[in-house]
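What follows is a set of notes on a single structure, which appears directly below.
Derivation of every value follows stated rules applied to the coordinates shown; laboratory data play no part. Keep in mind that this is a model prediction, so the values were computed, not measured. A quick note on method: Cβ atoms are made from the backbone with ideal geometry, for glycine too, and the neighbour counts reach across all protein chains shown.
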Amino acid sequence: MPFTLPSRTPSGPRRRTLLATAAGAFALAGCSTSEPSTTETSGGGPSAADRARARAARDSRALAERYAAVITAYPSLAERLRPLRAEVVRHTAAFDSGSRASGSPSPSPSASASESAVAAGATPAPSATVPATEKDALKELASAERTLADQRTKALLDVPGELARLLASVAAAGAAHAYLLTEGTK
């Protein structure tokens, strides 16, 4: 006996349509969530997001100063390190501009002056000693980039959407910097 198809067509939407609609609704709901307030309701102090943003800006500023110290100690590495340092300076600015937009106080004048000096390529006062060889200096910078990228990745769980996206982006850039710093030095 030959197989025959049922004569009636199913009523209502198809399974694929329902799944696609549910996925779309979920994506829209995830994109339209409101950000939490920037201050805690109980004490009026900075929120966890503001503290994370300030810490990220401070860490990026310190990393930019490390790059500048290595460039000063080893001018032969300048061409290789300047683009990476410039990127770290942009990360600092992104974290700082977000804290000003959320109503947090701006960084101290000395930090801003230090940041401007690093951005302009001026020689900073080295806060730490530079390793004795170029290879060790590159390894130290790569290690600092990796450590910072790991810290920022862990912080993603504790911050709201926009800051989490910024931290994720900067962490990925830090991991790429670590790779570029170690490439060819093995």
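Could you order the peptides 146-156, 54-64 from most to least packed, using the average number of other C-beta atoms within 10 Å per residue?
The most tightly packed comes first, giving 54-64, 146-156.
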Response to the item:
Here, residue 162 and residue 58, labelled 7 Å along Cα→Cβ, have an inter-label distance in nm of 2.3
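Between residue 3 and residue 97, what length in nm is gained on full extension when 0.36 nm per residue of separation is reduced by their alpha carbon distance?
Additional length available on full extension: 27.0 nm.
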